[in-house]
1. What number of residues in region 16-46 are closer than 23 Å to residue 364 by Cα and in contact with a helix residue (DSSP H, G or I) (Cβ under 7 Å, 6 or more places away or on another chain)?
2. Residues in region 598-621 that are modelled with pLDDT of 95 or more and farther than 30 Å from residue 94 by Cβ: how many?
3. Does region 292-301 hold any residues that are without any contact (Cβ under 8 Å) to a residue 12 or more places away in the chain and loosely packed, with under 10 Cβ neighbours inside 10 Å, and which are they?
4. Please specify each residue of region 302-315 satisfying the condition of being touching a strand residue (DSSP E or B) at 6+ places or on another chain (Cβ under 8 Å) and surrounded by fewer than 13 Cβ atoms within 10 Å (Cβ to Cβ).
5. Can you find even one residue in region 330-341 that is outside any loop (DSSP other than H, G, I, E, B), at pLDDT below 90, in contact with a strand residue (DSSP E or B) (Cβ under 8 Å, 6 or more places away or on another chain) and farther than 30 Å from residue 207 by Cα?
6. Within region 179-194, take every residue that is farther than 23 Å from residue 383 by Cβ and under 21 Å from the mean Cα position of the chain (by Cα) and give me the one that is surrounded by the fewest Cβ atoms within 10 Å (Cβ to Cβ).
7. Given the conditions (1) exposed (fewer than 15 other Cβ atoms within 10 Å of the Cβ); (2) part of a loop (DSSP other than H, G, I, E, B), and given that residue 41 satisfies all but one, which numbered condition is not satisfied?
8. Take region 343-357 and flag every residue that is modelled with pLDDT under 90 and under 28 Å from the mean Cα position of the chain (by Cα).
């Protein structure tokens, strides 16, 4: 036996793992020792530290030791920001100046199996109407937008933690899309390893076929990996001051980050947890101040399954995790696992602990003796557990509570689980609710920027999940009458043998069902943007852009060059209406998408809408804004409008009136969801009936004045 193998064998035997060698052949034994050596090198404290911690935690678990013994919970003190307030805008301003000193860490270790999706979660789209843009694209686009706006020429680094299940798929996704525009030296991928599975309270390793069984350790490994790869040290040497942690499939989090970073700067927080008002019983941890009888006090995250029994054990909170009557929320704000760390103290903590994170164990015992398990368990750790280590070393710890709609709407649940949560009054946290919340957020940002946008929402139920998109405020009786009329019309038309489809157009001489009308707009650099209006009843749209000399006799400026023609090409008239009327397929508006290149923070979006402009978006409208687009005059939208400015191009809307048939939501049919995971996860689809689309690819300033 080779010397290193003998050393590892002796180590395993000294740790009570001699059972691993029973019945092994020499090749199997050599392979097991090689595996053990790799595990030993990956774990902070090695296998010895892992076993020692496991034995202590398992002993405490079997004896029912309360980890909060001696502590009394109190309502924590923290910063609370109301979106749009003077204090909020001040924090955004402070945070925007600090962005150049930040590094970003994405914890992206999950597959979408729980959602009914076979791929990695970061490859899912937030918006079904922008389905080619996945979460990873969205996150990188936000970082690049912040870099362009506030980076002072510095690149903002991004570290991504993957797992065995997601690593190759994440690398493939980045390579396929050329890092979504981010330079390769900005991105570092660190892969999470698994830890030995434990078969009993003695912390003996489980094994199978001559190998140690391993299981995921939890997202707290991100701290270990950042330390082992030397990233935090490198970032500090580059002059970085902050590390921002965020998790996959929370597509709205970047809307809040500049304000949160501003709080960290102003309050000098070395640990700042982003929090939301929390619903009692909700499966998110609560930020709690724990005061020990010896005088120590910590502000930490307490997991939701520990919070209620902790509260019930006290006189002050004998009813447990219940709502404060004054607010309707738990007095303990919800931790959403977005953290901002001061890099100097964070580096000191990592070096002092070797990157080790507080761990816990959650065994499922086979019987009341609590000596064996139903199945092997393992030690686990969480990203937010690092805050406990910080407070032990005594650094400023705080939290920032922000309105939930601005910062938290994850995609966690499949339709069945989401429907159950909705019935219990909890957020569904599924693909449909995340998209709805993002669009409501976009509407609210526009409203705060001075846009007259209809904010109230119609209610519909898709796959047993209530989904409410913004709409105009309409008297409920009128809505009921309209619903009844449309149901009657659909019933009548479905009983006829011939169906006639009529398409409305501005061109009275054109009788085609699918057609494109064009108008022209002169820009101040002698380019002409040809804006197209397309009428169609399909759910898929293909956009083709070509450039050629202007020879269209209908144009107002025949002598200009560099015409950009946008043609939306549709070749299918199938409207995919359900056979029978379905109330849940009713209109839900407006559908508003503000892409990161248009603006990330509220301050940035307010800068895009001039104070003296007059902008009206009706409740049935759809609006997509991408790139450097600003409104400095009048925009009236009653239908669907898409405005995209390519990098280097700037679009200024001075006067634009859009009125068309727009888009609508419909319930999906079974045959559609069988072949399309994105539709299956939502239960609805977007039917694009008519769209005004402005695409500008030429550099320079282009003014829209109609």
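1. Residues meeting the conditions: 1.
2. So the count comes out to 3.
3. If the condition is that a residue be without any contact (Cβ under 8 Å) to a residue 12 or more places away in the chain and loosely packed, with under 10 Cβ neighbours inside 10 Å, then 295 is the only one that fits.
4. None - no residue of region 302-315 is touching a strand residue (DSSP E or B) at 6+ places or on another chain (Cβ under 8 Å) and surrounded by fewer than 13 Cβ atoms within 10 Å (Cβ to Cβ), so the list stays empty.
5. no
6. So the residue we want is 181.
7. Residue 41 satisfies every listed condition except (2).
8. Listed by number, the residues that qualify are 355, 356, 357.
The values are calculated or read from the model by the stated rules, or taken from the named source; none is laboratory data. As the structure is a prediction and not an experimental result, all values here were calculated from the model. For neighbour counting, all protein chains shown are included, and Cβ atoms are generated from backbone atoms with ideal geometry for every residue, glycine included.
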